[in-house]
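Engineer: Structure provided below as structure tokens; questions to follow.
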Amino acid sequence: MNKFLKFSILLSTILISQTIFASSHGDHKTHVVQMKNMGTLGAMVFEPSFLKINAGDSVLFEMTDQGHNAVTVAAPAGSKPFDTRYEPSTKVTFDVNGLYLYKCAPHAMMAMAGIIQVSDANNKQEMVAAIEQFESTVMMPNAKTRISDLFNENVK
Ligand SMILES: [Cu+2]
């Protein structure tokens, strides 16, 4: 094989792999979750509080009202915990399939939490236990079952 032919094969391999990367990457969506003092589910909520997305999608956590964060409570094995650190807007990418429970640290006792399902629900049993544990710390009687209700309505 001459040098020119080798170079041509190398170049076309690079171009093809870049094209595949670009097209698969282009399908990924960014979803928005707002952190609010008042929403349709009541006081101190993430909106929407349940999201079903595909692996590789991102969520943009927007601090619509001040003083909220979004922090991982429970997540599939192998995923990286996230913390929006009270930034006005934080983008988190979800690469590992399964259910994620996250909370707003200062308002967790008011049931400010949310669930994100990435593609499937392979860790459903672990999530039921994590939600039960989370709700044992909720102090507001009217929001005591907010997250388990959300789970039961949305996760099949
Ligand atoms: Cu909050």
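The values are calculated or read from the model by the stated rules, or taken from the named source; none is laboratory data. In this text the structure is predicted, and so the values were computed from the model without any measurement. Cβ sites come from the backbone with ideal geometry, for glycine too, and all protein chains shown count toward neighbours.
Engineer: Please go through (1) under 18 Å from M110 (Cβ atoms); (2) exposed (fewer than 15 other Cβ atoms within 10 Å of the Cβ); (3) not basic (K, R) for N69 and return the number of the only condition it doesn't satisfy.
Structural biologist: Result: N69 passes all but (2).
Engineer: May I ask you to list the residues in the stretch 60-74 that are touching a His at 6+ places or on another chain (Cβ under 8 Å) and either without any contact (Cβ under 8 Å) to a residue 12 or more places away in the chain or more than 16 Å from the ligand (Cβ to nearest atom) (or both)?
Structural biologist: Within the stretch 60-74, just L60 meets the criteria.
Engineer: Taking interchain pairs and intrachain pairs at least six residues apart, which have beta carbon atoms under 8 angstrom, with the first residue in the stretch 98-109 and over 21 Å from D57 (Cα atoms) and the second more than 8 Å from the ligand (Cβ to nearest atom) and not in a strand (DSSP E or B)?
Structural biologist: C104/A70; A108/F134; A108/T137; A108/V138; M109/T137; M109/V138; M109/M139; M109/M140
Engineer: Still on this structure: Scan L60, L41 and give me the residue that is hydrophobic (A, V, I, L, M, F, W, C) and within 23 Å of E135 (Cα to Cα).
Structural biologist: That would be L41, the only listed residue that is hydrophobic (A, V, I, L, M, F, W, C) and within 23 Å of E135 (Cα to Cα).
Engineer: Could I ask something else about it? Would it be correct to say that N69 is part of a loop (DSSP other than H, G, I, E, B), touching a helix residue (DSSP H, G or I) at 6+ places or on another chain (Cβ under 6 Å) and modelled with pLDDT of 95 or more?
Structural biologist: In short, yes.
Engineer: Against the definition (at pLDDT 95 or above, over 15 Å from M110 (Cβ atoms) and surrounded by 15 or more Cβ atoms within 10 Å (Cβ to Cβ)), how does K52 come out, yes or no?
Structural biologist: yes
Engineer: Another one. Under the condition of being under 14 Å from the mean Cα position of the chain (by Cα) and not in a strand (DSSP E or B), which residue from the stretch 34-49 is nearest to the ligand (Cβ to nearest atom)?
Structural biologist: My answer is S49.
Engineer: Quick check on the stretch 78-101: of everything there that is of a type in the set (A, V, I, L, M) and out of contact with any helix residue (DSSP H, G or I) (no Cβ under 9 Å at 6 or more places or on another chain), which residue is nearest to G114 (Cα to Cα)?
Structural biologist: So, considering only residues that are of a type in the set (A, V, I, L, M) and out of contact with any helix residue (DSSP H, G or I) (no Cβ under 9 Å at 6 or more places or on another chain), the one nearest to G114 (Cα to Cα) is V92.
Engineer: Restricting the first residue to the stretch 28-56 and requiring it to be closer than 14 Å to G114 by Cα, which pairs with a second residue that is of a type in the set (S, T, Y) and within 12 Å of the ligand (Cβ to nearest atom) meet a Cβ separation below 6 Å and a spacing of at least six or different chains?
Structural biologist: Pairs that qualify, where the first residue is closer than 14 Å to G114 by Cα and the partner is of a type in the set (S, T, Y) and within 12 Å of the ligand (Cβ to nearest atom), are Q34/T64; M35/T64; K36/T64.
Engineer: Please indicate, with yes or no, whether at least one residue in the stretch 55-65 is modelled with pLDDT under 95, in a loop (DSSP other than H, G, I, E, B), surrounded by fewer than 19 Cβ atoms within 10 Å (Cβ to Cβ) and not charged (D, E, K, R).
Structural biologist: no
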